[in-house]
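In what follows, a structure is listed as structure tokens, so that the remarks can point back to it.
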Amino acid sequence: MLKKKKTEKKKEVYALGQHISMSADKARRVIDQIRGRSYEETLMILELMPYRACYPIFKLVYSAAANASYNMSSNEANLVISKAEVNKGTTIKKFKPRARGRSYPIKKPTCHITIVMKDISLDDKYVEIDSLKKKPRWKNKHTSIAYRDMYSSGGIWDKK
């Protein structure tokens, strides 16, 4: 009879940013680019993207990696963003005085951002996938074909 180990390590850590002063749609545009990527690749993407939402997301990713290294004692090279979500927060409402005694409402949206990171060295699924890779039969030892994706060429058309 096999027993389940009770001292199993947690595989995921998270960082949560609440009441960040920006629209959830603007933050979601950046989050969609980094979901499922590795930690080091995510930091490079966030440093180079020209959006205002990148800085708070960068701080959250960095905080989640610090949580992983402190709580799970994991290496930063093994971290992958497994889940990233943006939820709508409260809307700050105030009134601005206008001409002839009238007032105009100002609505400032906020959002809540959650970044969940996973350590792939603790997960057996990722190790098995690498060992099951087969080399293609058509590929010769001396020749190789390089495919180029025209949409991710890194030109000026990548920016939205």
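The values are calculated or read from the model by the stated rules, or taken from the named source; none is laboratory data. On a predicted model such as this, the values are computed, not experimentally measured, just so you know. With ideal geometry, Cβ positions are generated from the backbone for all residues, glycine too; neighbour counts draw on all protein chains shown. When the accessible area is computed, the model is the full protein with side chains, heavy atoms only, and any ligands, DNA or RNA have been set aside. Shrake-Rupley method; radii C 1.70, N 1.55, O 1.52, S 1.80 Å.
So that you can scan it fast, the table gives a plain yes or no per residue for (1) surrounded by 13 or more Cβ atoms within 10 Å (Cβ to Cβ); (2) within 15 Å of the chain's Cα centre (by Cα); (3) within 19 Å of residue 119 (Cα to Cα); (4) not small (Gly, Ala, Ser):
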residue: 28; (1), (2), (3), (4): yes, yes, no, yes
residue: 33; (1), (2), (3), (4): yes, yes, no, yes
residue: 47; (1), (2), (3), (4): no, yes, no, yes
residue: 65; (1), (2), (3), (4): yes, yes, yes, no
residue: 84; (1), (2), (3), (4): yes, yes, yes, no
task = Would you check which residues across the range 88-122 are open to solvent by 90 Å² or more (accessible area, probe 1.4 Å) and either under 30 Å from residue 37 (Cα atoms) or among the aliphatic types (A, V, I, L, M) (or both) and list them?
result = 88
ask   = Going through the range 9-26 one residue at a time, which ones are β-branched (Val, Ile, Thr) and either under 10 Å from the mean Cα position of the chain (by Cα) or over 19 Å from residue 75 (Cα atoms) (or both)?
value = 20
key: Every residue from the range 50-76 that is touching a residue at least 60 places away in the same chain (Cβ under 8 Å) and either basic (Lys, Arg) or over 18 Å from residue 123 (Cα atoms) (or both)   = 50
query = Which of the residues belonging to the range 70-82 are surrounded by 12 or more Cβ atoms within 10 Å (Cβ to Cβ) and either aromatic (Phe, Trp, Tyr) or in contact with a Leu (Cβ under 9 Å, 6 or more places away or on another chain) (or both)?
reply = 72, 74, 78
ask   = What do you reckon, is residue 31 in contact with an Asp or Glu (Cβ under 8 Å, 6 or more places away or on another chain) and within 27 Å of residue 70 (Cβ to Cβ)?
value = yes
query = List the pairs whose first member sits in the range 84-104 and is among the small types (Gly, Ala, Ser), whose second member is surrounded by 10 or more Cβ atoms within 10 Å (Cβ to Cβ), and whose Cβ atoms are under 6 Å apart, counting only residues at least 6 apart or on separate chains?
reply = 84/31; 84/35; 84/115; 89/19; 89/110; 89/111; 89/112; 103/95
task = Would you mention how many residues in the range 63-74 are modelled with pLDDT of 90 or more and either β-branched (Val, Ile, Thr) or within 14 Å of residue 38 (Cβ to Cβ) (or both)?
result = 3
key: Exclusive hit being touching a Phe, Trp or Tyr at 6+ places or on another chain (Cβ under 9 Å) and more than 29 Å from residue 42 (Cα to Cα), set 107, 96, 83   = 96
